[in-house]
Structure formats: structure tokens, C-alpha cells
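Notes follow the structure.
Nothing in this text is a laboratory measurement; each read-out follows from the coordinates by a stated rule. Because the structure is predicted, anything quoted here is derived from the model rather than measured. Here Cβ is always computed from backbone atoms with ideal geometry, including for glycine, and neighbour counts include all displayed protein chains.
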Amino acid sequence: MKKVERINIMMRYINNRAHFTISEIMREFNISRSTAIRDIREIEAMGMPLVAEVGRDGGYSVMHNAVLPVVRFTDNEVKALFIAFMATRNQQLPYLKSRQSLAEKLLGLISENQQETLVLLNQIFLFAGTNPNNPDLLELSDLPHPMLEQLIQSLLVDRYLSVTIEEGEAQKSYSIYLLHLYQEKGLWLIEGFDLKEERKGIFPVDDLTHVEPYTSKKRLSKKKILEKLSKQEEVTNLTLELGPKAIAQFKKYHPVKVSLSYTNPYQTAAILKTFIHVSNPEEVTEMTNWLLFLGGDIKVRKVPEEVLAGSQERLSLFRP
């Protein structure tokens, strides 16, 4: 590890602790005592508010309510931030109302040489969802549904919410405990525990018209909610073994609730286990199409008859 990178990481390590010792720094960064002391002195010279404590262990404490030095990024850290930022284009994420100002502030933190490197990276990289005819990061606008940020602000205060959902021409109110907020196929979805029906439900953010804290004093605790969900947990009815080609397809797209368990350290073989609601024709059709999308590099260990029949019917359309 280069010295600049080590100093940056050490500053974050120290800043996250009220007290540390020379011995801890030596173990954490695998450096000698003399190197640890030199690094700490350099960090102090940069303005890190440290107070040395007399003792055999050479302890230090971090002063509270003091101004910390400006964080410095290494070349690779700057590239990582910029590439991650580029990869979110056209994802309709919250808090990205002005990509231009965010990108310009990032560029303003770095040297001219680093800026030239980022401009070149911006010209070279294309990610899924990027228009190749207009790939410029600074010109893109991809605002999410206006209710998304309001929803996030509410759930950061309390995950017990009262939400109003537009269903056709009518509106319906639900009292929920929010389990997850996730994006699938470009749509933001709420996975919540319906406190009245005592079961899990999925609610599209695009159909959300109102959200406010759930004020009722009679609430199921989080522990009780998770207990009820565990009792309602579905039994696995789809089990697949995936090879490297199928894993590559999986990474391109997969339902958000489906995950892999890799069976070797190279991530070239994996097991997929999930549950398909066969009583839901739309889910059966969607999963059938997705399994065909994975390709032939799979071994089916368990599959519902409905999905198998749907796959065979789809494949029969390609026969002459």
C-alpha cells in the first residue's frame, strides 16, 4: 500500500474512534512502530485534532467538536467515485436533481490531470441505460417519481407509514411497516408488511399519492412482524445450478428477490433457489421468460409444472 493511500485510510480509521493506541495502528496497517509514529505525526501536522496520552501503550484520543482536515482522495479513489456515478445514469435515483452540479463539485476537488483522466473515462465508458448518442454525464437528467424522496424522508424518521395508493380510478389507504424499498425494471417498489391484513405486500411508488407517519399507538413490534413473516415464508419450488454463461446472464438482469449462492471461489458456478407463486399467471409468465433468458448453461433440479409447461410452449414456437 502506498504511503498516501495508507495515510488517507488511517485518517478515516482514527476519525471513527474516540481512542486508539500505537499498537492498534501497527496491527491494523501491518507497519512498524517507527512508521506508525511517523504517520501519526504527519496526520497531526495536517490538522487532525489528536491528544497524546502518557503511558506505555502510547495512547491517543481524538478531540471532539474540532474541525477535521479536508479528506484527500487517491487517483484510484477518484476514478472509483466517478465510474460509480457514471454507472447510475438513467436509473431514476433519488437526490440526483442536478447531476451537473454534483459532477462539477467532484471535478473541483481534484487536479487538472485527474480532471482530464475523468473526461477521458466519460468518453470511453458506456453503461446499461446510457444513450450512446448522448453519453455526456453533465447533460443528463433522470429524475425519479416526485413521491420517492418524500417517501424516503418519511421512512428515515419512522418505518411505520400510512400510504395512499392509486388503484384504477379509486384510491386506497394502507398502514404498513416498510421492509424494503427497491428498484426493478426501472420501477421503484415498496415491500411492506400490511399491519391490517398481517401479510407482505408490494406497492408501486408510481401509484403513491400520499405518505405520512402511522400514528396509531397499537403497533406490532418489528420482532413480531418478522416472526409472522417467517411463518408465512414460502417453500422453495425452483432450484437451478448455473454455469458461467448463465451467471453472466443473471448479472445482466434478475428479479430483485432472487439471489445466487456461489459454489466455488471463482464465481463460475452457483445455486439458485426461490419460490414462484404458481397461482399468479403473470409471475409464472415472467419467470418462464427469465429462465429462457438465462440460456442453456443451467441444470434444473426443481421446477413447478406450470413453469415447465410454459417453457416448452415458448420453445415450440421456434420449431419449423
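Using only side-chain charges placed at the Cβ, +1 for Lys and Arg and -1 for Asp and Glu, the dipole size of the chain relative to its Cα centre rounds to 1160 debye.
Over the residues of the chain, the helix contribution to mean residue ellipticity at 222 nm works out to -12000 deg cm²/dmol, using -39500 (n - 2.57) for each DSSP H run of at least 4. If the viscosity is 1.002 mPa s and the temperature 20 °C, what translational diffusion coefficient in µm²/s does Stokes-Einstein give for the stretch 146-230 when Rh comes from Kirkwood over Cα pairs? In µm²/s, the coefficient rounds to 164. Using the Cβ-Cβ distance between Leu93 and Tyr253 with R0 = 30 Å, the FRET efficiency computed as 1/(1 + (r/R0)^6) comes to roughly 0.95. Subtracting the Cα-Cα distance of Asn30 and Leu156 from their residue separation scaled by 0.36 nm leaves 41.5 nm. With neighbour counts taken as other beta-carbon atoms within 10 Å, the residues Glu305, Glu42 rank, fewest first, as Glu305, Glu42. Dipole orientation for the chain: of the candidates Val62, Asn122, Ile202, Val62 has the Cα lying most toward the positive pole (charges on Cβ; Lys, Arg +1; Asp, Glu -1). Counting beta carbons within 10 Å around each of Tyr13, Tyr214, Tyr95 and listing the fewest first gives the order Tyr95, Tyr13, Tyr214. Residues Trp188, Trp290, ranked from the fewest to the most other C-beta atoms within 10 Å, line up as Trp290, Trp188. Comparing Arg41, Arg159, Arg301 in a Gaussian network model of the chain, where Cα atoms under 10 Å apart are tied by springs, the biggest mean-square fluctuation is seen for Arg41. In summary, the chain shows an alpha-carbon radius of gyration equal to 1.32 times the 2.2 N^0.38 Å reference for compact globular proteins. Three principal axis extents describe the C-alpha atoms of the stretch 238-316; from largest down they are 37, 25, 22 Å. Fully extending the segment from Gln267 to Leu187 would add 25.9 nm, taking 0.36 nm per residue of separation and subtracting the current Cα-Cα distance.
With a Förster radius of 25 Å, plug the Cβ-Cβ distance of Val278 and Leu220 into 1/(1 + (r/R0)^6) and report the FRET value to the nearest 0.05. Efficiency at R0 = 25 Å is approximately 0.30.
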